[in-house]
Amino acid sequence: MNKKIVISGATKGIGRAIAEKFAMNGWSVATCARNTDELEKLKQHLIKTAPEAAVFITEKCDVSNTEQLRQFAQKINKEWGAVDVLVNNAGVFLPGQIMNEADGQLEKLMETNLYSAYHLSRFLLPEMIKKSDGHIFNISSVAGLQAYPNGGSYSISKFAMMGLSKALREELKPHGIRVTALMPGATLTDSWSGTSLPDNRFMKPEDVADLVWSIQQLSKNTDVEEVLLRPLLGDI
Ligand SMILES: NC(=O)c1ccc[n+]([C@@H]2O[C@H](COP(=O)([O-])OP(=O)(O)OC[C@H]3O[C@@H](n4cnc5c(N)ncnc54)[C@H](OP(=O)(O)O)[C@@H]3O)[C@@H](O)[C@H]2O)c1
């Protein structure tokens with residue numbers, strides 16, 4: 001049976017680039033997002049471009065809602081059993097400062113950017129542990145390494161994502177499951193829609209996807225724990 005990857009939030013941006021990369025290489029892809037039209041469009045696109053053996057699961061699910069996430073994971077566990085790669089990618093960026101950002105911003109960003117990764121990992125790990133195999137990628141950010149004045153709660157959520165990744169890494173060593181945290185800088189996706197900055201100030205989502213592809217191809221003797229990627233011209 002072909003290999004299987006689960007990516008949260010793959011209808012756009014970095015998640016979509018990863019879905020396309022793996023599907024082109026014959027992997028089955030499961031993803032979730034909130035917009036059902038975009039999910040259907042993604043599925044049709046992947047069916048057209050991927051080899052026939054690949055299978056696609058696209059489910060409507062708000063990752064900040066643990067019950068919806070549980071149902072998404074249950075479907076995967078039932079239909080696929082253990083997955084080979086999980087990419088905790090879905091996330092939102094809301095600028096702000098702790099002293100004056102909107103009430104509830106911390107909670108919203110923690111639920112979407114961090115708790116989603118915590119719960120989805122917990123829901124899918126039992127099958128991966130049974131197989132003693134698999135790889136979890138956590139998409140953090142440069143903002144998870146370095147705070148900046150308008151980072152506010154987003155930065156808190158991404159520092160916490162680094163904590164989740166480090167804890168998983170230690171726990172999963174004896175189970176043969178690799179864990180990698182990626183810290184991308186500015187990447188040209190919908191998160192930046194409306195920007196007046198030129199394209200060359202950004203990385204391409206396809207480059208992040210190529211990196212994920214390369215890392216998971218290394219032998220099981222090696223775990224790439226953390227990768228920091230920045231646009232050639234540096235942070236914005
Ligand atoms: N772009 C950057 O410069 C950059 C830099 C560093 C880190 N990152 C991180 O990389 C990840 C992807 O970012 P991106 O720029 O590729 O984002 P994007 O282009 O805005 O796409 C986000 C994807 O996640 C889904 N999503 C968002 N909120 C969701 C929710 N509550 N439930 C389910 N799905 C949800 C979106 O679909 P729906 O809207 O339909 O739900 C979409 O498919 C995020 O964790 C982000 O923090 C991005």
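Remark: the chain carries a charge dipole of roughly 480 debye about the Cα centre, counting +1 on each Lys and Arg Cβ and -1 on each Asp and Glu Cβ. With viscosity 0.890 mPa s and temperature 25 °C, the Kirkwood radius over alpha carbon pairs of region 141-236 converts through Stokes-Einstein to a diffusion coefficient of 166 µm²/s.
Charges were assigned to the Cβ only: +1 to each Lys and Arg, -1 to each Asp and Glu. The resulting dipole of region 106-162 about its Cα centre is roughly 60 debye. Under 5 Å between amide hydrogens, built in the peptide plane, is the criterion, and for Ile57 it picks out Val29, Ala30, Thr31 among residues at least 5 positions away or on other chains. Nonpolar atom fraction for the chain, defined as the carbon and sulfur part of the 1.4 Å probe accessible area, stands at 51 percent.
Summarising the overall dimensions of region 33-134 from its C-alpha atoms, the Rg and Dmax are 16.0, 53 angstrom.
May I ask for the angle, rounded to the nearest 10°, between helix 152-172 and the longest principal axis of the chain, with both axes built from Cα atoms and the value confined to 0 to 90°? Taking the Cα atoms of the chain, the angle to 152-172 is about 30 degrees.
Between Ser191 and His175, residue separation times 0.36 nm minus the direct Cα-Cα distance comes to 2.2 nm.
State to the nearest 20 debye the size of the charge dipole of region 10-139 about its Cα centre, where the only charges are +1 on K and R beta carbons and -1 on D and E beta carbons.
The calculation lands at about 300 debye.
Simple spin-label estimate for Asn221 and Lys48 gives 4.4 nm between the two label positions (7 Å along the Cα-to-Cβ direction from each Cα). So how far, in whole Å, is the C-alpha centre of region 88-153 from the one of region 173-221? Value for the Cα centre distance between the two parts: 15 Å.
For the chain, taking Cα atoms only, Rg and Dmax work out to 16.9, 53 Å respectively. Estimated from helices alone, the mean residue ellipticity of the chain at 222 nm is -13000 deg cm²/dmol (sum of -39500 (n - 2.57) over DSSP H runs with n ≥ 4, per residue). The length gained by stretching the chain between Ala167 and Leu145 to full extension, at 0.36 nm per residue less their Cα-Cα distance, is 6.3 nm.
The values are calculated or read from the model by the stated rules, or taken from the named source; none is laboratory data. Small disclaimer: the values here were computed from a predicted structure and weren't measured. Cβ atoms come from the backbone with ideal geometry, glycine included; neighbour counts cover every protein chain shown. Side chains included, ligands, DNA and RNA excluded: accessible areas come from the protein's heavy atoms. Shrake-Rupley method; radii C 1.70, N 1.55, O 1.52, S 1.80 Å.
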